[in-house]
1. Shape call for the stretch 221-348 from the C-alpha gyration tensor, a ≥ b ≥ c root eigenvalues: rounded (a/c under 1.5), prolate (a/b greater than b/c) or oblate?
2. Restricting to DSSP H runs of at least four residues, report the calculated mean residue ellipticity at 222 nm for the chain, -39500 (n - 2.57) per run over all residues, nearest 500 deg cm²/dmol.
3. So what is the diffusion coefficient of the chain in µm² per second by Stokes-Einstein at 10 °C and 1.306 mPa s, using a Kirkwood Rh over Cα pairs?
4. Specify whether the C-alpha gyration tensor of the stretch 155-271 places it in the rounded, prolate or oblate class, a ≥ b ≥ c being the square roots of the eigenvalues: rounded for a/c under 1.5, otherwise prolate if a/b is larger than b/c and oblate if not.
5. To the nearest 20 debye, what charge dipole does the chain have about its Cα centre, counting +1 at the Cβ of each Lys and Arg and -1 at the Cβ of each Asp and Glu?
6. Counting other Cβ atoms within 10 Å, keep those with at most 10, restrict to DSSP loop, and tell me which trypsin sites (Lys or Arg not before Pro) in the stretch 124-232 are left.
7. Normalised by the residues of the stretch 155-271, what does the relative contact order come to in percent, with Cα pairs under 8 Å and at least six apart?
8. What does the C-alpha gyration tensor say about the overall shape of the stretch 366-506? Classify as rounded when a/c is under 1.5, otherwise prolate if a/b is larger than b/c, or oblate.
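Where a number appears in this text, it was derived from the coordinates with a stated rule and is not lab data. These numbers come from a predicted model, not from an experiment. Note that we place each Cβ from the backbone using ideal geometry, even for glycine, and neighbour counts take in every protein chain shown.
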Amino acid sequence: MPPTLNAAARRLGAVVLACAAACQATPAFANEPMWFAQGRPVPAARQAVDALAAAAADGLDPRDYDADALRQPVAQAASGPALPPDAAARVDAALSAAMERMLADLHGGRVNPRAVHANFAPQAERPFDAAIWLRDAVRQQRLPDAIRQAAPTFPLYGTLREALARYREIAKQPAWGQPLPPLPASKLTPGQPWAGAAALAARLVALGDLPAGTQVPARYEGTLVDGVKAFQSRHGLEADGVIGAATLAQLNLPIASRVRQIELTMERLRWTPLDGPRMIVVNVPEFMLRAYEIRDGKLDIKLEMKVIVGKALDTRTPLFEEDMRYIEFSPYWNIPPSIARRETVPHLRRDPAYFNRQGLEFVTGDGKAVTTLSEENLEAVLNGRMRIRQRPGPLNALGDIKFVFPNNENIYLHHTPSPQLFKRGRRDFSHGCIRVEAPVALAQFVLHDMPDWNETRIREAMTRGKSNTVRLQQPLPVVLAYGTVIARADGRVSFLPDIYGHDKLLEKALRQRNGRPQQPAIASASGTTR
């Protein structure tokens, strides 16, 4: 064997050993050469090594698939001496193993979602055979198409992929060579002079928040303020044009952190079940709900609204997918035992009038309602022999409608008697359930195949004050998801605060998986508005 090929074979040693056990366990047909003929790589082999090298375009790491180690022997066998049969077999097996790993990661992600607080099915529980997918693609001479089709088909994945490429290019620009200079005071308001105006304009142009060629004003004013407002609106900040500590921190954040944030969101999309055809999706850190349909591969957003989610400190909204099965109009609120013990019982002991004022009652184990407040009944609640519920009415914590998708976490969608909270920018105020801004519109979407339930009837049922349960004719999937980047088809990219720290947890899980040094830190977005 020529020296160069011998050296390449030595570099491939670790790769070959890693796939040896897998090769022995596969069916005989899977051991047939896929990438070489008479020691020469077939066209698909070059496509494969190119795909491994390009894995970064999907937020994956080419090093996980031995991209460099595999490219060299394929290239040398294409332009130099043919590989001997044993060497060709080793490289063939190693390339197959690497491609199968990449396809599996691309399709289903690299970590078990349940290990990062997302109760979705891990890759092992979902039907995708990377080996069969790969062999069929090579046999049909459609490997590049098959690789693209293994990735998530949800449209957001494609726009994130484009955003990832764009932000990697932005990272190469000199606008982030130095941090912006300190503000002249605690904040910079329109009309003030500032030495950082030119550097700020360069940053905003690079990000697309200012048009190229914008003239920099002598003061912080005019188009520069408009550019900052556009930047603020994309980063979960109050879009008032005032540069305070939070806005300055986001402007100074290294673009590498934004690149990583996009990669982590793409990773989440690989195991978040968003395959329709009709779904309700709540994106927790965005505080938004969208109801959509997918028809002929196209996403049609039928409805979107603000939501309120669980408090980041202690009552976080869990992530999972379940089917909505019924709606309760004018619902009772069965106060969860943990809330009753921690909040309701202490409140009633301090203020007994709260019992009647809020329309509360006790419920015995056999379902009997008790409307008398007593210390004995409060003790029965604490001991689990009674529960407390709130009757339907204008003060009911669930509002006048409840959307139920049975789950172990006792989480549901509902209205609220406190709609003013939807005006807040950051909306994590609940005990875990999701409060919806436009319940009538949501009910219309949910009941679309029950035409008797028109808007008038829905509103009447919500205000009747008598509990009424309507079962859906078809279950409707509800997904509670977590994505801190939203990339739109028009190229606008929004970055959201990691309110629950889930991105940091995913970053840690990926580091532990590959054993490599820590990636650039993902900076936490401030909960302040400026």
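1. Working: a/c = 2.07, a/b = 1.33, b/c = 1.56.
It comes out oblate by the Cα gyration axes.
2. Working: 18 runs with 201 residues, N = 530.
Mean residue ellipticity, 222 nm, calculated: -11500 deg cm²/dmol.
3. Numbers: Rh = 26.8 Å.
The estimated diffusion coefficient comes to 59 µm²/s.
4. Values: a/c = 2.10, a/b = 1.90, b/c = 1.11.
Judged from the Cα gyration tensor, the stretch 155-271 comes out prolate (a/c at least 1.5, a/b above b/c).
5. Working: 66 positive and 54 negative charges, 167 e Å.
Its charge dipole is roughly 800 debye.
6. On the way: sites: 135, 139, 142, 148, 161, 166, 168, 172, 187, 203, 219, 229; in loops: 142, 172, 187, 219.
The qualifying sites are 172.
7. Values: 118 pairs, mean separation 38.2, N = 117.
Relative CO of the stretch 155-271 lands at 33 percent.
8. Working: a/c = 2.11, a/b = 1.35, b/c = 1.57.
Here the stretch 366-506 falls in the oblate category.
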